[in-house]
Amino acid sequence: MSERRPAASTPDGVVLLHGISRTARSFRRMELALKDAGFATLNLDYYSRRKGLDALAEDIHPSLDRFAQSLDGSVHVVCHSMGGLLARVYLARYRPARLGRVVMLGTPNGGSEIADRLKHLAAYRAFFGPAGQQLVTRRDAASSALLPAIDYPAGIVAGNRSVYPITSMGLPRPHDGRVSVANTRLDGMADHIVIRTSHPWLVRNREAIAQTIVFLRQGKFAKP
């Protein structure tokens, strides 16, 4: 976990939540850009493959709560892939008093068809753990209850290129190699944009980073 503040105090902060099997390092470029834009940042590491979303929400709460209370202004959330589902679970349970805006990058809000195909394979279950079973398109009642309708401004960035020619076969087009653009959408979202990049690079793509900052400031993306 790393926490960064610009030299001058800032009223707003951003919590960064990486995707499954990733680490806080994957958000390093985004974190530096947010700092340069004047935000305090909390780039959280969490054990994405060891626990389910509900337990992970409990794990991140102490650090996130301390960070939110240290700010003079709003706390925003920027998340990649499964990190967006974790954010939704967390905010339904521990919504900060001064919650700002949420940006989800390639989050499978409607689930991932790849998870549907692989969920019964022993290798998939061993590697991705309990949370991997919650990435499917048809969620059980318990998983659905963790993800109620949102009532905060959320902007969603989707990719439409793939670097997985084999494993992404069968995904509805367009997709980013892991999640279809259609399944990134979420009822109640404030804005949605599609970028020419693949799932793993959404956190490092210059346009995705720029659009994230625009949404955090304005509540909408900059349209071409």
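Data for the structure
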read-out: Residue count, region 201-224 (criterion: modelled with pLDDT under 95 and in a helix (DSSP H, G or I)); value: 0
read-out: Residue match in region 139-149 (condition: farther than 21 Å from Arg101 by Cα, assigned to a loop (DSSP other than H, G, I, E, B) and touching a helix residue (DSSP H, G or I) at 6+ places or on another chain (Cβ under 7 Å)); value: no
read-out: Where a residue in region 20-36 is touching a residue at least 24 places away in the same chain (Cβ under 8 Å) and its partner, wherever it lies, is surrounded by fewer than 15 Cβ atoms within 10 Å (Cβ to Cβ) and among the aromatic types (Phe, Trp, Tyr), with Cβ under 8 Å and at least six apart; value: Ser21/Phe127
read-out: Given (1) among the hydrophobic types (A, V, I, L, M, F, W, C); (2) in contact (Cβ under 8 Å) with a residue 12 or more places away in the chain; (3) not in a strand (DSSP E or B), number of the condition Ile166 does not satisfy; value: (2)
read-out: Considering residues of region 35-78 that are under 30 Å from Asp140 (Cβ atoms) and among the polar types (S, T, N, Q) only, the residue modelled with the lowest pLDDT; value: Ser48
read-out: Boolean, Arg178 is open to solvent by 20 Å² or more (accessible area, probe 1.4 Å) and within 16 Å of the chain's Cα centre (by Cα); value: yes
read-out: 2 or more residues of a type in the set (S, T, N, Q): qualifying helices (runs of 4 or more DSSP H) within region 1-103; value: 53-70
read-out: Cβ-Cβ under 6 Å pairs, at least 6 apart or on other chains, region 125-146 side under 22 Å from Tyr94 (Cα atoms) and open to solvent by 20 Å² or more (accessible area, probe 1.4 Å), far side outside any loop (DSSP other than H, G, I, E, B) and modelled with pLDDT of 85 or more; value: Gln134/Leu53; Gln134/Ser143; Leu146/Leu53; Leu146/Asp54; Leu146/Val89
read-out: Scope region 148-159; condition within 18 Å of Gly19 (Cβ to Cβ), of a type outside the set (Val, Ile, Thr) and either open to solvent by 20 Å² or more (accessible area, probe 1.4 Å) or touching a Leu at 6+ places or on another chain (Cβ under 6 Å) (or both); matching residues; value: Gly159
read-out: Some residue of region 80-99 being of a type in the set (A, V, I, L, M, F, W, C), surrounded by 16 or more Cβ atoms within 10 Å (Cβ to Cβ), touching a residue at least 40 places away in the same chain (Cβ under 8 Å) and touching a Ser or Thr at 6+ places or on another chain (Cβ under 6 Å); value: no
read-out: Answer from Leu105, Leu64 - the residue that is open to solvent by less than 10 Å² (accessible area, probe 1.4 Å) and farther than 22 Å from His199 by Cβ; value: Leu64
read-out: Residue within region 59-70 that is touching a Phe, Trp or Tyr at 6+ places or on another chain (Cβ under 9 Å), under 15 Å from Gly132 (Cα atoms) and of a type outside the set (Ser, Thr, Tyr) present; value: no
read-out: Residue pairs meeting the criteria (Cβ under 8 Å; at least 6 apart or on separate chains; first without any contact (Cβ under 8 Å) to a residue 60 or more places away in the chain and within 15 Å of Leu16 (Cβ to Cβ), in region 46-69; second open to solvent by 60 Å² or more (accessible area, probe 1.4 Å) and among the aliphatic types (A, V, I, L, M)); value: Ala68/Ala97
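The values are calculated or read from the model by the stated rules, or taken from the named source; none is laboratory data. Remember, it's a predicted structure, so these values are computed and weren't measured experimentally. Here the Cβ is made from the backbone with ideal geometry for all residues, glycine too, and neighbour counts use every protein chain on show. Heads up: the accessible areas ignore ligands, DNA and RNA and are worked out on the full protein's heavy atoms, side chains in. Shrake-Rupley method; radii C 1.70, N 1.55, O 1.52, S 1.80 Å.
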